[in-house]
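To start, the structure itself, in C-alpha cells.
The values are calculated or read from the model by the stated rules, or taken from the named source; none is laboratory data. Keep in mind the model is a prediction, meaning the values are calculated, not measured. In this analysis, Cβ positions are derived from the backbone assuming ideal geometry, glycine residues included, and neighbour counts consider all displayed protein chains.
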Amino acid sequence: MNTTSAGTRAGFDNMALLLLDTCVIIDVLRNKRGRTTLLRGLLEQGHLLACCAVNVAEIYAGLRPGEEAATGEFIESLEQLPVSPRAARRAGLFKRDYAQRGITLNLGDVLIAGVAADHGIALLTDNVKDFPMPDVVLFPLPSVQ
C-alpha cells in the first residue's frame, strides 16, 4: 500500500517505527522546512525514528565543513536499521522491475525502500515520486518552506 495523501497520515496516530528518508535528515541537520519541529512532534506522540546505512552514506557524502559533530549526534539518536540481504534483494528487484518498465530509480532510494518494506514500516519523505513501489508505505511530509 502506497500512502500519499495527507489524510491517510492520520493512520499513524499509534506508536510506530518510522524510517526517515535522507532528505528529511538533511532538513533537520540544516534546520529547514520545520522538520525538527515535525520530528519532535512525532517523538512526543511516541513514535520511534530510524535511519539505515544508506542514509548515513548519503548524509556524509554531502557533509559541509563544521557539520560533522551535529550530524554524528543526530544519526546516533536514531534507531539504526540494517540493510539485510533480504532488504537488498528486494531493492534489487525494485530497481530491475521498474527499469523493465522504462523507469530509472536511484540505487540509494531503492535500498531505503527495501529496508522500509523489509521491516514493514513507513518511510517519511518529501520525495514520494522516488518511491513508486506499492508495497512501500509512505508518510508524505507537508511541504513547508
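Of all the residues in the stretch 41-55, those that are modelled with pLDDT of 95 or more and in contact with an Asp or Glu (Cβ under 8 Å, 6 or more places away or on another chain) number 5.
If you go through the stretch 71-85 one residue at a time, how many are assigned to a helix (DSSP H, G or I) and surrounded by 13 or more Cβ atoms within 10 Å (Cβ to Cβ)? Before the answer, list the steps.
Step one: of the stretch 71-85, the residues assigned to a helix (DSSP H, G or I) are 71-77, 85.
With surrounded by 13 or more Cβ atoms within 10 Å (Cβ to Cβ) added as a condition, the list becomes 71-72, 74-75.
Going through the stretch 71-85 one residue at a time, the tally reaches 4.
Being in contact with a strand residue (DSSP E or B) (Cβ under 7 Å, 6 or more places away or on another chain) and in contact (Cβ under 8 Å) with a residue 60 or more places away in the chain is the filter here, so list the residues in the stretch 23-41 that pass it. Of everything in the stretch 23-41, those that are in contact with a strand residue (DSSP E or B) (Cβ under 7 Å, 6 or more places away or on another chain) and in contact (Cβ under 8 Å) with a residue 60 or more places away in the chain turn out to be C23, V24.
Of all the criteria given as (1) at pLDDT 95 or above; (2) among the acidic types (D, E); (3) more than 17 Å from T125 (Cα to Cα), the one not satisfied by E58 is (3). If the condition is being part of a helix (DSSP H, G or I), closer than 11 Å to F131 by Cβ and within 14 Å of the chain's Cα centre (by Cα), then the stretch 94-113 contributes D109, V110, I112, A113.
The lone criterion from (1) more than 23 Å from L39 (Cβ to Cβ); (2) in a loop (DSSP other than H, G, I, E, B) left unmet by A91 is number (2). When the residues of the stretch 95-116 are filtered to those that are in contact with a helix residue (DSSP H, G or I) (Cβ under 7 Å, 6 or more places away or on another chain) and buried (at least 22 other Cβ atoms within 10 Å of the Cβ), the one that is nearest to L138 (Cα to Cα) is A113. Among the residues making up the stretch 117-131, those that are in contact with a helix residue (DSSP H, G or I) (Cβ under 7 Å, 6 or more places away or on another chain) and closer than 17 Å to F94 by Cβ are A117, D118, A122, L123, T125, N127, D130, F131.
Within the stretch 114-145, being assigned to a strand (DSSP E or B) and not hydroxyl-bearing (S, T, Y) holds for A122, L123, L124, L138, F139, P140.
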